[in-house]
Amino acid sequence: MVRTYTKIGDVFSAKTNENTKKYFQLIAYDLTQLNSDVIRVFKEQYPINSNPDLSKIVSGEIEFYIHCTTKAGIKMNLWNKIGNNKNIGETNHILFRSTND
């Protein structure tokens with residue numbers, strides 16, 4: 001079995017249906033709350049066979065931020081790592097609520 005490596009800036013594609021896919025990017029490791037990766041999911045959907053430029057993808061509108069286990073999704077063939085872009089945007093405004101908030 002091949003070891004899966006991910007790092008800040010990695011961009012992934014995930015099939016949303018038979019004809020379209022969306023992209024997301026690993027932007028942080030949250031060691032304080034869920035001890036997991038934090039990703040930003042981009043709003044735009046792309047045709048399944050398209051291969052847009054990474055800089056276009058990461059400059060797109062962000063739909064939401066969420067905790068995620070990116071390595072597990074790769075191993076389960078839920079998404080594919082397609083590259084890395086150093087533009088991860090601003091992260092200081094991201095705030096996740098907890099049960100007692």
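Tabulated data
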{"read-out": "Two-site label geometry, ASN77 and GLU18: point separation in nm, points 7 Å out along Cα→Cβ", "value": "1.8 nm"}
{"read-out": "Neighbour count of at most 14 Cβ within 10 Å plus DSSP loop: longest trypsin sites (Lys or Arg not before Pro)-free window in the chain", "value": "44-85"}
{"read-out": "Cβ-defined net charge surrounding THR20, 13 Å radius [Lys, Arg +1; Asp, Glu -1]", "value": "+2"}
{"read-out": "Structure-derived Kirkwood radius over Cα pairs in Å - corresponding label in [x] 13.1; [y] 14.2; [z] 16.1", "value": "[y]"}
{"read-out": "Residue among TRP79, HIS67, LEU34 farthest towards the positive dipole end of region 10-84, charges placed on Cβ", "value": "TRP79"}
{"read-out": "Rounded FRET efficiency, nearest 0.05, which uses the C-beta distance separating PHE96 from ASP53 and R0 of 30 Å", "value": "0.50"}
{"read-out": "For ASN84, net neighbour charge (Lys/Arg +1, Asp/Glu -1) across residues whose Cβ lies under 12 Å away", "value": "+2"}
{"read-out": "Residues HIS93, HIS67, sorted so that the one with the fewest Cβ neighbours within 10 Å comes first", "value": "HIS93, HIS67"}
{"read-out": "CD proxy at 222 nm, helix term only [per DSSP H run n ≥ 4: -39500 (n - 2.57); per residue of the chain; nearest 500]", "value": "-2500 deg cm²/dmol"}
{"read-out": "Size of charge dipole - the chain - debye, nearest 20, with Cβ of Lys, Arg +1 and Asp, Glu -1, no other charges", "value": "380 debye"}
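No lab work stands behind these numbers, since they all come straight from the coordinates. Quick caveat: nothing in here was measured; it's all calculated off a predicted structure. Neighbour counts are summed over all protein chains in view; Cβ atoms, including those assigned to glycine, are modelled from backbone coordinates with ideal geometry.
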